[in-house]
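Worksheet: the structure to be examined is printed underneath.
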Amino acid sequence: MPRTKVLPALETRETTAREPRWSVVVDNDPVNTMEYVTACFVKVLQVARPEAHRLMLEVHEEGRSVVWSGARERAEGLAQELQRWHLRAHLESDA
Amino acid sequence: MPEVRLTLTVEAREILGNLLRLAGPAAARSAVGRARVPGDDPELADAWRRGLAEAASGELAILASALASAKGDPAVVILPDEAAGWAVARALTSVRLTLRETVFPAIPDDALENEAQLARLVPRLPAEQRHALACYDCFGLLQLALLARLGGDEIG
């Protein structure tokens, strides 16, 4: 008769680390016109004109706006592209 | 989109062309100076700044060429396609930012955004700053006219 082997209990732990979320922030500046900033958002962020206009007003009235949030790589690409359009864009992380 | 045409007086074309020859190189440097690179990776920072410098230089060259080749009275600036139009719109902003940073940095932000406040300030400014402000305004009007031609309703 086969003997039953008793195996030591195994304990597994699973931990997950959330990837930090990166925000692309645009600060207000006194040089760029409202029309230009709106056009930048349409072209760079690929948003419809009403949303671009809303973001532009937030920049103008609040002094800054988070225009996009998500993975770092995409955030870096958007921030550099907005800087290429001469907007005051930078990244912030929630980590 | 077909070519974009803008008209401006011969005098304005000459003044803006001359200013661009002076301010163009500074504008490309200034674009790099404004860069805000995330993190502390020197390779990323180098590539980031190089990308901005190359983009700014290319756009300023398109603007300079468009002004230099404008013909007629009033002068007609012809941009071959939409991409050139957007490049010129960016270059105009680049020059305006450079004028602001280098010629009249002491003017408060509030005054620059408020026509009435600026109008009260202008008579007290040195001639060099008054002339630079006139060019700053002229580049801004040119950009607004260009944006109206380019539209911007379409995404992409």
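B:Val88 falls short on exactly one of the conditions (1) within 11 Å of chain A (Cβ to nearest Cβ); (2) modelled with pLDDT of 90 or more, and that condition is (1). Pairing each residue of the range A:39-55 that is free of Cβ contacts under 8 Å to residues at least 60 places away in the same chain with any residue that is of a type in the set (Asp, Glu) and open to solvent by 20 Å² or more (accessible area, probe 1.4 Å), provided the two are 6+ apart or on different chains, yields C-beta distances under 7 Å for A:Val44/A:Glu81; A:Arg49/B:Asp153. Scanning the range B:116-156 for residues that are modelled with pLDDT under 90 and assigned to a loop (DSSP other than H, G, I, E, B) gives B:Gly151, B:Gly152, B:Asp153, B:Glu154, B:Ile155, B:Gly156.
Within the range A:56-81, the set of residues being more than 10 Å from every other protein chain (Cβ to nearest Cβ) and over 11 Å from A:Asp27 (Cα atoms) comprises A:Leu57, A:Trp68, A:Ser69, A:Gly70, A:Ala71, A:Glu73, A:Arg74, A:Gly77, A:Leu78.
Screening the range B:101-115 for residues that are assigned to a loop (DSSP other than H, G, I, E, B), open to solvent by 60 Å² or more (accessible area, probe 1.4 Å) and not polar (S, T, N, Q) and picking the one that is nearest to the other protein chains (Cβ to nearest Cβ) gives B:Pro108. For the criterion of being farther than 19 Å from B:Glu11 by Cβ, more than 14 Å from chain A (Cβ to nearest Cβ), touching a residue at least 40 places away in the same chain (Cβ under 8 Å) and buried (at least 16 other Cβ atoms within 10 Å of the Cβ), B:Leu79 passes.
Scanning the range B:20-42 for residues that are open to solvent by 30 Å² or more (accessible area, probe 1.4 Å) and in a helix (DSSP H, G or I) yields B:Arg21, B:Leu22, B:Pro25, B:Arg29, B:Val32, B:Gly33, B:Pro42. Here B:Thr93 meets each of (1) of a type in the set (S, T, N, Q); (2) surrounded by fewer than 19 Cβ atoms within 10 Å (Cβ to Cβ); (3) within 8 Å of chain A (Cβ to nearest Cβ) with one exception, condition (2).
The values are calculated or read from the model by the stated rules, or taken from the named source; none is laboratory data. The model shown is predicted, which means the values in this text are computed figures rather than measured ones. Heads up, the Cβs are rebuilt from the backbone with ideal geometry, glycines too, and the neighbour counts pull from every protein chain shown. Protein only, heavy atoms only, side chains kept; ligands, DNA and RNA dropped before computing areas. Shrake-Rupley method; radii C 1.70, N 1.55, O 1.52, S 1.80 Å.
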